[in-house]
There are 2 protein chains.
Amino acid sequence: MSLPHAILTALLEKPSSGSELTRRFDRSIGYFWSATHQQIYRELGKLERAELIRTLPGGAPTRGQKKEYEVLAAGREELVRWVDRREDPKVARDPLPLRLRAAGVVGLGDLVDELRRHRDLHRDRLEEYREFERRDYPAEPATRQERVQWLVLRGGIDMEAGWISWLTRAVDELSEEASGRGPRS
Amino acid sequence: MSLPHAILTALLEKPSSGSELTRRFDRSIGYFWSATHQQIYRELGKLERAELIRTLPGGAPTRGQKKEYEVLAAGREELVRWVDRREDPKVARDPLPLRLRAAGVVGLGDLVDELRRHRDLHRDRLEEYREFERRDYPAEPATRQERVQWLVLRGGIDMEAGWISWLTRAVDELSEEASGRGPRS
DNA sequence: TGGAACATGTAAGGGGTTACATGATTCA
DNA sequence: TGAATCATGTAACCCCTTACATGTTCCA
């Protein structure tokens, strides 16, 4: 039940249409959640039927026209309840370590190359996040909202750095084994 | 499509029944994937119908009796294909940073306490993983399978350490704000 | 005016979560 | 023999993913 609350948060930060929300999920919210436009439109419909959000007056009723939404008081109250809820951490879910473990049984194949590729993709993402940080938080943030958004961004940065560190070690140890000629790359 | 392959891996490592698999998922495989017994039984049925696994001869046909499965050649081949597949990294999905971001808009409430609670839970899990490491890998592992399993475990350890580091920083910065009296705890 | 890009929406299929059900085993 | 536990299994619901569909706006 995180998507509706992520949408409520985004709409409180700034009233938006479905396509704008999709773009914002690809960017700042995407550090820890992703959503396709289909999910977002379906969820917007649900939230509107539940009277937690409404379309801004003057919204076009037809298909293909932008429809802007804003959060109603009931929506904000629901979000407060969600923030204050006690909820245990979920186990991370990532196929790559699983594939590595499978490779321990059936052989490495080209998996070390795949690990290198992932390491490089994470490096790219890390660089992108660091660029966001330089651009959006050049100085100590003033408001609580900015400080919290910065914290979340640094969570994304730490996460990417962690992956890179682990993948580097894995590539290092496994390429020794694969080649017998010492680490590559 | 990771669960069936996680099950194939586990069964190759050691033929097991559904309940045994459930316990093994709670332990070593669970660093990066979790599954309930319902998921596992459903998936075992699918894998058996697809003739990727079979019940060991002498398995009891009735309900309530243990049924041990082993992997067939086709199952191993499917696992090899999965390991060699090229698949991009997924975005992490975690509600806690989202809740933090929501708190930036609607107010912190008791969220800092919740962050402390999560930090402590991650500390417990980290300690548990480190205990596994001490117990299961006291010396340099000899086989590829052991080295890979150790790498996966260290991935879990790194991940937990990353969470603890981030949560500590978040608690530190936000408790200053919440109290105005400097960091607590 | 016609094609490309944009915006919203529908539908199908699969995985995950939760609640519940049934047979077997164990043991007081 | 009856309750507790174990092992397997069924069912319902919701979210996520992918493919596809329809209307609008922009612009060469």
* Asked: What tally of residues in the stretch B:133-147 results from selecting those that are surrounded by 10 or more Cβ atoms within 10 Å (Cβ to Cβ), more than 11 Å from every other protein chain (Cβ to nearest Cβ) and assigned to a helix (DSSP H, G or I)?
  -> 2
* Selection from the stretch A:20-57 of residues that are surrounded by fewer than 15 Cβ atoms within 10 Å (Cβ to Cβ), in a loop (DSSP other than H, G, I, E, B) and within 13 Å of DNA strand C (Cβ to nearest atom) -> A:THR36, A:LEU56
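Starting from residues that are in contact (Cβ under 8 Å) with a residue 24 or more places away in the chain and at the interface with chain A (Cβ under 7 Å from one of its Cβ atoms), keep the ones in the stretch B:148-158 and report whichever is farthest from A:GLY107 (Cα to Cα). Don't jump to the end; show me each part of the working.
Step one: filter the stretch B:148-158 for residues in contact (Cβ under 8 Å) with a residue 24 or more places away in the chain, giving B:149, B:152-153, B:155-157.
Going one step further and asking which of them are at the interface with chain A (Cβ under 7 Å from one of its Cβ atoms), we end up with B:149, B:152, B:155.
Values: B:GLN149: 13, B:VAL152: 15, B:GLY155: 20 Å.
Here the residue is B:GLY155.
On the given criteria, is B:GLU68 more than 8 Å from DNA strand D (Cβ to nearest atom) and either on the phi < 0 side of the Ramachandran plot or among the acidic types (Asp, Glu) (or both)? So that I can check it myself, show each step before the final result.
On the way: more than 8 Å from DNA strand D (Cβ to nearest atom): no; either on the phi < 0 side of the Ramachandran plot or among the acidic types (Asp, Glu) (or both): yes.
Here the answer is no, as B:GLU68 does not meet what is asked.
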* **Candidates A:GLU160, A:GLU176 - the one that is out of contact with any strand residue (DSSP E or B) (no Cβ under 6 Å at 6 or more places or on another chain) and crowded, with 17+ Cβ neighbours inside 10 Å** => A:GLU160
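With B:ARG123, B:ARG130 as the choices, which residue is in a helix (DSSP H, G or I) and over 26 Å from A:HIS118 (Cβ atoms)? Please lay out each step first, then the result.
On the way: B:ARG130 fails: over 26 Å from A:HIS118 (Cβ atoms).
So the residue among B:ARG123, B:ARG130 that is in a helix (DSSP H, G or I) and over 26 Å from A:HIS118 (Cβ atoms) is B:ARG123.
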* To do: Return a yes/no flag: does the stretch A:45-68 have any residue that is closer than 30 Å to A:GLU173 by Cβ and touching a residue at least 12 places away in the same chain (Cβ under 8 Å).
  => no
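Consider B:ALA73 carefully, then state whether it is among the small types (Gly, Ala, Ser), out of contact with any helix residue (DSSP H, G or I) (no Cβ under 9 Å at 6 or more places or on another chain) and within 14 Å of chain A (Cβ to nearest Cβ). It would help to see each step written out before you state the result.
Details: among the small types (Gly, Ala, Ser): yes; out of contact with any helix residue (DSSP H, G or I) (no Cβ under 9 Å at 6 or more places or on another chain): yes; within 14 Å of chain A (Cβ to nearest Cβ): yes.
Answer is yes for this residue.
Under 16 Å from B:GLU43 (Cα atoms) and either near DNA strand D (Cβ under 10 Å from one of its atoms) or small (Gly, Ala, Ser) (or both) - does that describe any residue in the stretch B:80-99? Break it down stepwise before answering.
Initially, the stretch B:80-99 is screened for residues under 16 Å from B:GLU43 (Cα atoms), giving none.
The answer is no; no qualifying residue exists.
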* Residue in the stretch A:1-19 that is farthest from the other protein chains (Cβ to nearest Cβ), counting only those that are closer than 23 Å to B:ALA103 by Cβ and within 11 Å of DNA strand C (Cβ to nearest atom) -> A:SER16
* **Candidates A:ILE53, A:ILE29, A:ILE7, A:ILE40 - the one that is farther than 30 Å from B:GLU146 by Cα, β-branched (Val, Ile, Thr) and touching a Ser or Thr at 6+ places or on another chain (Cβ under 6 Å)** => A:ILE40
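Among B:LEU100, B:LEU108, which is the only one that is outside any helix (DSSP H, G or I) and either in contact (Cβ under 8 Å) with a residue 40 or more places away in the chain or within 11 Å of chain A (Cβ to nearest Cβ) (or both)?
Working: B:LEU100 fails: outside any helix (DSSP H, G or I).
When all the criteria are applied, what remains is B:LEU108.
Report yes if some residue within the stretch A:87-95 is within 10 Å of chain B (Cβ to nearest Cβ), assigned to a helix (DSSP H, G or I) and within 11 Å of DNA strand C (Cβ to nearest atom); otherwise report no.
Within the stretch A:87-95, one or more residues are within 10 Å of chain B (Cβ to nearest Cβ), assigned to a helix (DSSP H, G or I) and within 11 Å of DNA strand C (Cβ to nearest atom).
All of the numbers you see were taken from the coordinates with simple rules; none came from a lab. No experiment lies behind these values; they were computed from the predicted model shown. Methodologically, a virtual Cβ is constructed for each residue, glycine included, from the backbone with ideal geometry; neighbour enumeration extends over all protein chains shown.
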